[in-house]
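The structure appears right after this line, and notes come after that.
The values are calculated or read from the model by the stated rules, or taken from the named source; none is laboratory data. These numbers come from a predicted model, not from an experiment. As a convention, Cβ positions derive from the backbone with ideal geometry for all residues, glycine included, and neighbour counts pool all protein chains shown.
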Amino acid sequence: MKTNFARRFLRTAVCIIALLVSAGAGADAPHKLSLDLSAPIDLSYLIEYRQFNLERLVLVSGSRPSHDQAGKGIRVHGKKKSDTDWLLVNGPSAIWVTGLAGPGHQNPLILRARLEEQEGTLGLRGYQLIKIGVKEKKRVVLHPGEYLYYDLPGSKSSSSQVELSAGSVRIVYLDPFSGVILQAVAPGTTRMQIYTQWWQDAERKFLAEYEIAVE
């Protein structure tokens, strides 16, 4: 009896260890993106409530103005530290971004970034530029390495599901209640289908399909 119990205990322990190792390896996979908050945050909100958002990995939407000039009535936070820094503007607020090459001007985008504060000066450290998927446009063109974000419908009673038809893009972040981030990995065309399912429904419902071409 004791021998059988010891064997079962040992097998259980080995399985638990294997699951923990597997989970840790998945978390460290290079194609995974980590986020502390999955839904994009308004820049003004991020700055106003900095005490809650400092050092958190978040998604921030906005655009880069021409010549990095914010314009009248827009409050600029932070300082330009190097020639590669650029300005992110959203509504009445703007902030300097460092650590990531700037995008083209005026194009709406989402930035995966971390809000930092040094000696009382705020700044955004950028990690990835992410294009915004527009629901009205059913076809999108990406280049290998580029990222694409789609907002997903979700609530306490429903969640979204995403399926890809091919491997030219891959899912690098998915929150079934908020959004999905895709990365282009190889030339080709992938169809992304989005479904929603209410907790009381046995079957999911089709919402939309998008064609993503990687060139």
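With surrounded by 14 or more Cβ atoms within 10 Å (Cβ to Cβ) and not assigned by TED's automatic domain parsing to the domain that holds residue 151 as the only criterion, which of 108, 103, 92 stands out?
103
Kindly evaluate residue 96 against the criterion of being without any contact (Cβ under 8 Å) to a residue 24 or more places away in the chain and in contact with a Gly (Cβ under 6 Å, 6 or more places away or on another chain).
Judged against the criteria, residue 96 is not a match.
Which condition from (1) exposed (fewer than 14 other Cβ atoms within 10 Å of the Cβ); (2) farther than 30 Å from residue 79 by Cα is the one that residue 185 breaks?
(1)
Scan the strands (runs of 3 or more DSSP E) fully inside the range 116-215 and keep the ones with 3 or more residues being among the polar types (S, T, N, Q) and farther than 29 Å from residue 46 by Cβ.
188-198
Among (1) touching a residue at least 60 places away in the same chain (Cβ under 8 Å); (2) closer than 23 Å to residue 61 by Cα, which single condition is residue 213 missing?
Failing condition for residue 213: (2).
What do you reckon, is residue 191 at pLDDT 95 or above, closer than 16 Å to residue 131 by Cβ, surrounded by fewer than 16 Cβ atoms within 10 Å (Cβ to Cβ) and of a type in the set (D, E, K, R)? Reasoning before the result, please.
Numbers: at pLDDT 95 or above: yes; closer than 16 Å to residue 131 by Cβ: no; surrounded by fewer than 16 Cβ atoms within 10 Å (Cβ to Cβ): yes; of a type in the set (D, E, K, R): yes.
Judged against the criteria, residue 191 is not a match.
Does residue 100 fit the bill of being in a loop (DSSP other than H, G, I, E, B), within 20 Å of residue 65 (Cβ to Cβ) and modelled with pLDDT of 90 or more?
So residue 100 fits the description; yes.
Here is a check on your reading of the model: is residue 68 surrounded by 16 or more Cβ atoms within 10 Å (Cβ to Cβ), at pLDDT below 95, charged (D, E, K, R) and over 20 Å from the mean Cα position of the chain (by Cα)?
Details: surrounded by 16 or more Cβ atoms within 10 Å (Cβ to Cβ): yes; at pLDDT below 95: yes; charged (D, E, K, R): yes; over 20 Å from the mean Cα position of the chain (by Cα): yes.
Yes: the conditions hold for residue 68.
Where residues in the range 33-63 are of a type in the set (Phe, Trp, Tyr) and in a helix (DSSP H, G or I), which of them is nearest to residue 107 (Cα to Cα)? Walk me through how you get there before you give the answer.
Here is the first cut: in the range 33-63, the ones of a type in the set (Phe, Trp, Tyr) are 45, 49, 52.
Pick out the ones that are also in a helix (DSSP H, G or I) and you get 45, 52.
Working: 45: 21, 52: 29 Å.
My answer is 45.
How many residues are out of contact with any His (no Cβ under 9 Å at 6 or more places or on another chain) and farther than 16 Å from residue 43 by Cα when one looks only at the range 80-105?
Residues flagged as out of contact with any His (no Cβ under 9 Å at 6 or more places or on another chain) and farther than 16 Å from residue 43 by Cα within the range 80-105 amount to 12.
Does the range 141-150 hold any residues that are surrounded by 15 or more Cβ atoms within 10 Å (Cβ to Cβ) and within 15 Å of the chain's Cα centre (by Cα), and which are they?
Just the residues of the range 141-150 that are surrounded by 15 or more Cβ atoms within 10 Å (Cβ to Cβ), to begin with: 142, 146-150.
Correct list: 146, 147, 148, 149, 150.
Looking at residue 180 and the list (1) closer than 28 Å to residue 86 by Cα; (2) surrounded by fewer than 19 Cβ atoms within 10 Å (Cβ to Cβ); (3) free of Cβ contacts under 8 Å to residues at least 40 places away in the same chain, which single condition is not satisfied?
So residue 180 meets the others, but not (2).
Give the residue that is farthest from residue 192 (Cα to Cα), with candidates limited to residues of the range 120-136 that are surrounded by fewer than 17 Cβ atoms within 10 Å (Cβ to Cβ) and without any contact (Cβ under 8 Å) to a residue 60 or more places away in the chain.
It comes out as 120.
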